[in-house]
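Data block below; observations after.
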Amino acid sequence: MAVVACLSVILSMVAGGIAAAPAAAVNSASWYFAEGYTGAGFQEYICIANPGATAATVSGDFLFNGGGSLQRSFTVNPRSRFTVDVNSVVGVGREVSAVLTSDHADLAMERPIYFNYGLSRGGTSTGSHCVTAAPAPASAWYFAEGYTGRDFDEYLCVLNPSASAARLTFKFQTPASEEVRTGWVPARSRQTFKVNDLLGADRESSLALYSSQPVVAERPMYFSYASTWGAMLTGGHCVMGATALSGSLYFAEGTTRSGFDEWLTLQNPGTASISVSATYQVGSGQGAPVKREYVVGPLRRRTVNVSLEVGREKDVSVLLSSPAPFLAERPMYYGFSHSGLDFQGAHCALGSPTAEADRYFAEGYTGQFFEQWLCLQNTSATDAAVEITYMTQERGALPARTVTIAAGQRATVFVNNDAGPNLQVSTRVRVVKGSGVMSECSIYFDKTRWSMPGANSAQSTTTGPGYAGSLYGLCFSPYLVADPRSESVASSSVSSLITGMAKYSGWIRTFGSEGEWGLMPAMARSAGMHIAGGCDIYTDLGRNAREVAALTAQAKARQIDMAVVGDEVLLGNALPEDQLIGYINQVRSAGIPTGTSDSWDEWLSHPALVAACDVILVNAYPYWEGCSVETAVGRIADYYQRVKAVAGNKTVIVETGWPTGGETKGDAVAGAANAARYLSEFMSWASSHGVPYFYFEAFDELWKASREGACGRYWGLWDEYSRLKPEIAAVLKPR
């Protein structure tokens, strides 16, 4: 597709783009990330690809500003992909670096961060960025790009994993001179340096960073960029620095088509001038290669506008070479539309010194409003072929594909079609014929149609989407008319119900793991939803064992994103606390966020249960307590804060609802108007405070009247005929 000039690893979150150098298989059993933040408006993940034939255990050491750390372990299934929600692991408001270790040295890791960032001079930059893990710390790090102009905020994040403090020397190469600054990072800690403050405003710069101890360094940037065609673009990009300079660097991808501004930044930290030769290879039928020479003075940086070198409306790869070592980066800003979606943001990539025969991209997603592309460039004079393998979080490894690339040409692969939709996917690109193949991966999403979960805060639980006016999550049961104690529901009916509710909610919360319940994760995944899978445990120990085993199997297979072990077990005095914790530990061993759901007050009196859970699901129903609809959301807010006080950094998820019919309880009046009001006010409160929730419930269930009274059959947003109730339709919007 010509317009998709396959940019280098981008994730345009809600507006912007994320850029990362493609991940290559490493021979190290350690992976390092210097940058990380879980504060308001930021959501951080670590994506892990396991191409091996056995499950991998990954130990994570999360280090904080000023010292302190947190340790967690994760299991990654063979030939699969796993996602760590860093916000849920370390809690909100943390500046955090990560060191991950495993005895499986062939893992690949990338770290996407989604953000709503407040620019220093006002305004919001919305986007995302992503980097590939560093295989080891180093005493020298190089960055060719850097800019502190108007509406650009540039940072340096430095991780010091060693036992001694690290003294830092920042040598900034500008177009006019070199300027030196100093700093330090305590032992086993990390530090963020704002380059706007270190160097001053309105400066173009490259950086050579030297340290007395081996460290890891990244450079995130956030911006509002005035494009050459007059559009204002917001977003951010981030790169892991280079630990060495090179005499030749390749950029497989680039474009000067409408909606793209491509630049090259050249860094010379040496004391003598250098000459950099550039060979621009343009797309098929777009003309002959273009050759240029650039002189970069000693201790200087130079910027090249690629469109002025090759002209507009060109697809372009470039080889840069010099007798002296140097570094180059390729920042690219974009704003374009494709297939009915709007993409806007930027990315930045370091040049690659060599082609690689085997390359991994740990991050990838083919869900709604996302597009993922692979760009393959054959730099050699003979034909080449690559084998592409997708490792998914949902279904494991998919059958390998082979793509042939003609000599000196490029090929693009639309992963949404090649792998399939609604997949969290890692990708392996292995050269099986020829040599000289460069590969890059790009992921775009439409910020006007998709926003990160908990977009107003850092308290997000997984990669599930959230949409203005739509639901974060819905509780689901398919027994609209059938009595689950004696009847079943056809799988086709269950699938139809899930497809209908998926238009309005990013998450589905289920309540069992056997029978029809066991089919629901695959149905929900195919509908583009994230799944909080449940198991029904109560007093029947034999049934409990089967339900827990089935849920554990779903978790190990990554069919679900979160596991919920039982519902109101303590409130109903069904099991002792230690037995419930035993079930939770059994499911939790599968390596996904695990918890249980119970009344808000039970959490306050059971600290051992809080400690056993990764996520805290709080049932809070002002209606049952006789609270008027006018004060109901305030009651919820109070309960939420009280549970948060005992939950510490753990994610707290609210379950609540209001019936559209039934009896009056104290000041609580059931009815469609009050239910719609409560839904509207609750969603507004949850959105503004970044509170995840599972709203109860999707559909009316007639059989519940015999158990809960007249209101029991009226908790659904849809009626028993699966029709969205008119009063609810006035409040709820499709995502």
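Quick note: the coordinates plus some simple rules give every number you see, no bench work behind them. Bear in mind that the values here come from a model prediction, so they are computed numbers and not experimental data. A quick note on method: Cβ atoms are made from the backbone with ideal geometry, for glycine too, and the neighbour counts reach across all protein chains shown.
Relative to the longest principal axis of the Cα atoms of the chain, helix 516-526 runs at roughly 30 degrees.
Scaled to the globular estimate 2.2 N^0.38 Å, the Cα spread of region 316-385, given as radius of gyration, is 1.42.
Using just the helices of the chain, give the 222 nm mean residue ellipticity in deg cm²/dmol: DSSP H runs with n ≥ 4 each add -39,500 (n - 2.57), and the total is spread over all residues, rounded to 500. Please report the intermediate quantities before stating the final value.
Working: 14 runs with 126 residues, N = 735.
Result for the chain, helices only: -5000 deg cm²/dmol.
What the phi angles of region 342-351 give under the Karplus curve with 6.51, -1.76 and 1.60, with θ = phi - 60°, is a coupling list of 10, 10, 8, x, 6, 8, 9, 9, 7, x Hz, glycine and proline written as x. Applying 0.36 nm per residue to the separation of SER435 and LEU604 and subtracting their alpha-carbon distance, the gain on full extension is 54.6 nm.
Pairwise Cα distances in region 471-729 exceed 22 Å in 53 percent of cases.
Note the full-extension length gain between ASP358 and ALA730 as 0.36 nm times their separation in residues minus their Cα-Cα distance, in nm to one decimal.
Here the answer is 128.6 nm.
Size estimate for region 23-360 follows the Kirkwood approach: the inverse of mean 1/r over distinct Cα pairs works out to 20.7 Å. A straight Cα-to-Cα reach below 13 Å connects LYS291 with the aspartates and glutamates GLU309, residues fewer than 8 places away in its own chain not being considered.
Diagonalising the gyration tensor over the Cα atoms of region 72-117 and scaling each eigenvalue by 5 before taking the square root yields semi-axes of 23, 12, 10 Å, largest first.
Overall form of region 223-337: oblate. Here a/c, set by the Cα gyration tensor axes a ≥ b ≥ c, is 1.5 or more, and a/b is not larger than b/c. Overall dimensions of region 469-548, expressed as equivalent-ellipsoid semi-axes from the Cα gyration tensor (√(5λ), whole Å, largest first), are 22, 14, 11.
Taking a 26 Å limit on the Cα-Cα distance, which of the listed pairs LYS503/LYS725; LYS556/LYS644; LYS171/LYS314; LYS650/LYS725 fall beyond it?
With Cα atoms farther than 26 Å apart: LYS556/LYS644; LYS171/LYS314; LYS650/LYS725.
With both labels modelled 7 Å from their Cα along Cα-to-Cβ, the SER258 to THR101 distance reads 5.5 nm.
Averaged over every viewing direction, what's the projected area of the C-alpha convex hull for region 459-601? Give it in nm², one decimal, please. All intermediate terms of the calculation are to be shown ahead of the outcome.
Values: hull surface 36.4 nm².
So the Cα hull casts an average projection of 9.1 nm².
Loop-located GluC sites (Glu not before Pro) across region 605-683 with a Cβ neighbour count of 14 or fewer within 10 Å are GLU625, GLU663, with loop assigned by DSSP. Beta-bridge orientation, region 471-729: approximately 5 percent antiparallel, per DSSP, counting only bridges with both partners inside.
Placing unit charges on C-beta atoms (Lys and Arg positive, Asp and Glu negative, everything else neutral), compute the dipole magnitude of the chain about its Cα centre in debye, rounded to 20.
Values: 55 positive and 67 negative charges, 338 e Å.
For this selection, approximately 1620 debye.
Annotation: the residues HIS530, HIS104, sorted from fewest to most other C-beta atoms within 10 Å of their own C-beta, follow the order HIS104, HIS530.
For the chain, the alpha-carbon coordinates run over 85, 52, 49 Å along the three principal axes, in decreasing order. For GluC sites (Glu not before Pro), the sites in region 513-550 that DSSP calls loop and that have at most 16 other Cβ atoms within 10 Å are GLU514.
Quick one: of the DSSP bridges fully inside the chain, what percent are antiparallel, nearest 5? Given both bridge residues lie in the chain, the antiparallel proportion sits at roughly 85 percent.
In this calculation the C-beta distance from LEU70 to ASP578 is compared with R0 = 30 Å, giving a FRET efficiency of 0.70.
The mean sequence separation of alpha-carbon pairs under 8 Å and at least six residues apart, normalised by the residue count of the chain, gives a relative contact order of 12 percent.
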